[in-house]
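Data first, discussion second: the structure below is written as structure tokens.
The values are calculated or read from the model by the stated rules, or taken from the named source; none is laboratory data. The shown structure was predicted, so the numbers you read here are calculated from the model rather than taken from an experiment. Backbone-built Cβ (ideal geometry, glycine too); neighbour counts: all protein chains shown.
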Amino acid sequence: MRTTVGIIGAGPAGLLLARLLDGAGIDSVVLESRDRAYVEQRQRAGVLEQGTVDVLRAAGAGERMDREGLPHDGIELRFAGRRHRVDFPALTGGRSVMVYAQTEVCKDLIALRLRDGGPLLFDAEALAVEDAATDSPRVRFRHEGAEDVLECDYVAGCDGFWGVARKAIPAGLTRVFERAYPFGWLGILADVAPSHDELVYARHDRGFALLSMRSPSVSRLYLQVPEGTDVAAWSDDEIWSELDRRLETDDGFTLRRGAVTQKSVTPMRSYVHEPMRHGRLFLAGDAAHIVPPTGAKGLNLAIGDVVTLARALAHRKETGSAELLDAYSATCLRRVWQAERFSYDMTTMLHRIPGATPFEDRLQLARLERIAGSRAAETDLAEGYTGLPFG
Ligand code: RFL
Ligand code: PHB
């Protein structure tokens, strides 16, 4: 099999890249190790930055998002029993975010790809990227029990944190920057109307809690739990009671309960792989970097990477110049590091860090007070949350 761009992974990065390349008249083949149902059900991110919303619309993938997504103009910070609302448009010159689940973004992009006939192979596991530093890289993969080879001009490694693409970059050329956190998030999906009309990020002495949503009738909620927590250790009642405690306010907030339809624990880490390119292999999304979910940045970074890559490949096709491809890694990493910084700041401001001293606890509260009391500090949060422009 032969194509111009071999794309490994049908997550948001791989699927949007295929769509953008299609629009630029560049052919591609997408290889996805899982089946379609799995990719469409996997619960992950929920918040789309303004730039992501704009890109999906421009790619013709925004129709259902605009119908069913929930535009949000702010978030609430909750600490010491108080609430503080951050008003995004007022602080950023009109920017906001959209609550529309990653599952739905993937469903929309898969439907478009299959409708337009572009190759998208499910149950097709990439085994290795070969000859990445030559003019004819290849992806060895297994599809329906048989091994095959995809010959490409370029390979896009959009295969997430556990994928194979990154391994094709020699260790001697690589630097990895990493930070693990001694806690994770226990997330639930519940059939109940959200108890607040915007997302609530709560810092509490018992740990962080987040109230989010998927639709007007489905809530998504998270609790900070110790690293390595087994989801089975928490009954539904215990989860709701703990959410009650951490989300409580002095003005009597009440949390609506409903049937829990999904439960899982996600570990938290920060990770950056430099560079994001080796020869004709380009890493995008979680394959190259991970952020803790507190800043809602993971999916949006993945989108930013593939916008940059699609533009660079189109530029190469139109002008013959590899200038933008050569700049790919540096261009993406500027944005990646800003998202790493923002996600780290949000995480360390809102979570109970095991072993933190009373002094550090007070500093956390002081950071929150500063955001609540200073337009400059609040603007920094609003700009980070709604997202920097794509490079
Ligand atoms: P994805 O979505 O992981 O997609 C990668 C795709 O590659 C496939 N794959 C392979 N295909 C072929 N051959 C191989 N050898 C392959 N190896 C892997 C996988 O099956 C998959 O379909 O990466 P992408 O596209 O870069 O998108 C990134 C986002 O998914 C990610 O940043 C966010 O979802 C991160 N994230 C969250 N972000 C948030 O902003 N809020 C959240 O609440 C949130 N929850 C999460 C998350 C990530 C999680 N992971 C990675 C474990 C919860 C989880 C559990
Ligand atoms: C979600 O709805 O899954 C969500 C929202 C905001 C975050 C993380 C996850 O920061």
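This table checks each residue for (1) more than 19 Å from the chain's Cα centre (by Cα); (2) not charged (D, E, K, R).
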residue: Asp250; (1), (2): yes, no
residue: Val260; (1), (2): yes, yes
residue: Asp286; (1), (2): no, no
residue: Gly298; (1), (2): no, yes
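Residues to consider are Arg42, Arg83; find the one that is touching a residue at least 60 places away in the same chain (Cβ under 8 Å), more than 15 Å from ligand 2 (Cβ to nearest atom), basic (Lys, Arg) and closer than 30 Å to Phe208 by Cα. Steps first, answer last, please.
Values: Arg42 fails: more than 15 Å from ligand 2 (Cβ to nearest atom).
Matching residue, one of Arg42, Arg83: Arg83.
Would it be correct to say that Tyr154 is away from ligand 2 (no atom under 15 Å from the Cβ), hydroxyl-bearing (Ser, Thr, Tyr) and in contact (Cβ under 8 Å) with a residue 60 or more places away in the chain? Before you say what the answer is, go through the steps one by one.
Working: away from ligand 2 (no atom under 15 Å from the Cβ): yes; hydroxyl-bearing (Ser, Thr, Tyr): yes; in contact (Cβ under 8 Å) with a residue 60 or more places away in the chain: yes.
The answer is yes for Tyr154.
Looking at this structure, is Thr294 touching a strand residue (DSSP E or B) at 6+ places or on another chain (Cβ under 9 Å), part of a helix (DSSP H, G or I), within 16 Å of ligand 1 (Cβ to nearest atom) and polar (S, T, N, Q)? Steps first, please.
Working: touching a strand residue (DSSP E or B) at 6+ places or on another chain (Cβ under 9 Å): yes; part of a helix (DSSP H, G or I): yes; within 16 Å of ligand 1 (Cβ to nearest atom): yes; polar (S, T, N, Q): yes.
Here the answer is yes, as Thr294 does meet what is asked.
Test each condition in (1) in contact with a Ser or Thr (Cβ under 6 Å, 6 or more places away or on another chain); (2) at pLDDT 95 or above for Asp35 and report the one that comes out false.
All conditions are met except number (1).
Go through segment 343-391 and count every residue that is without any contact (Cβ under 8 Å) to a residue 40 or more places away in the chain and not charged (D, E, K, R).
Residues that pass the stated criteria total 12.
Being surrounded by fewer than 18 Cβ atoms within 10 Å (Cβ to Cβ), under 30 Å from Asp87 (Cβ atoms) and within 16 Å of ligand 1 (Cβ to nearest atom) narrows it down to one of Thr266, Thr229, so name that one.
On the way: Thr229 fails: under 30 Å from Asp87 (Cβ atoms).
Unique residue meeting the criteria: Thr266.
Output the qualifying pairs, or none if there are none: Cβ atoms under 9 angstrom, residues six or more apart or on different chains, first residue in segment 27-39 and farther than 11 Å from Ala10 by Cα, second residue among the small types (Gly, Ala, Ser) and in a loop (DSSP other than H, G, I, E, B).
Asp27/Gly118; Ser28/Gly118
Among the residues in segment 344-356, are any at pLDDT below 95 and among the β-branched types (Val, Ile, Thr)?
Yes, segment 344-356 has at least one match.
So in segment 113-150, with the set limited to residues that are surrounded by fewer than 19 Cβ atoms within 10 Å (Cβ to Cβ) and of a type in the set (A, V, I, L, M), which one is farthest from Leu31 (Cα to Cα)?
Among residues in segment 113-150 that are surrounded by fewer than 19 Cβ atoms within 10 Å (Cβ to Cβ) and of a type in the set (A, V, I, L, M), the one farthest from Leu31 (Cα to Cα) is Ala133.
Determine whether Pro137 is more than 16 Å from ligand 2 (Cβ to nearest atom), within 17 Å of His278 (Cβ to Cβ), of a type outside the set (Phe, Trp, Tyr) and touching a Cys at 6+ places or on another chain (Cβ under 8 Å). Before you say what the answer is, go through the steps one by one.
Numbers: more than 16 Å from ligand 2 (Cβ to nearest atom): yes; within 17 Å of His278 (Cβ to Cβ): yes; of a type outside the set (Phe, Trp, Tyr): yes; touching a Cys at 6+ places or on another chain (Cβ under 8 Å): yes.
Criteria met by Pro137.
Give the residue, chosen from Leu243, Leu247, Leu281, Leu211, that is within 16 Å of ligand 2 (Cβ to nearest atom) and in contact with a Pro (Cβ under 9 Å, 6 or more places away or on another chain). I'd like the intermediate steps shown before the answer.
Values: Leu243 fails: in contact with a Pro (Cβ under 9 Å, 6 or more places away or on another chain); Leu247 fails: in contact with a Pro (Cβ under 9 Å, 6 or more places away or on another chain); Leu281 fails: within 16 Å of ligand 2 (Cβ to nearest atom).
Going through Leu243, Leu247, Leu281, Leu211 in turn, the sole match is Leu211.
Condition check ((1) surrounded by 19 or more Cβ atoms within 10 Å (Cβ to Cβ); (2) free of Cβ contacts under 8 Å to residues at least 40 places away in the same chain; (3) in contact with a Lys or Arg (Cβ under 7 Å, 6 or more places away or on another chain); (4) basic (Lys, Arg)) across all residues:
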| position | (1), (2), (3), (4) |
| --- | --- |
| Ser215 | no, no, no, no |
| Ala233 | no, yes, no, no |
| Gly252 | no, yes, no, no |
| Arg256 | no, no, no, yes |
| Val272 | yes, no, no, no |
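Looking at Gly184, Gly207 in this structure, which one is in contact with a strand residue (DSSP E or B) (Cβ under 6 Å, 6 or more places away or on another chain), on the phi > 0 side of the Ramachandran plot and not aromatic (Phe, Trp, Tyr)?
Working: Gly184 fails: on the phi > 0 side of the Ramachandran plot.
Just one listed residue meets the conditions, Gly207.
Mind checking which helices (runs of 4 or more DSSP H) fall wholly inside segment 25-97 and carry at least 3 residues that are among the hydrophobic types (A, V, I, L, M, F, W, C) and more than 11 Å from ligand 1 (Cβ to nearest atom)? Spell out how you get there, then give the answer.
Details: elements: 36-41, 50-58, 63-68, 88-92.
Passing ranges, in order: 50-58, 88-92.
Going residue by residue through segment 27-50, is there one that turns out to be more than 17 Å from Ala296 (Cβ to Cβ) and of a type in the set (Phe, Trp, Tyr)?
yes
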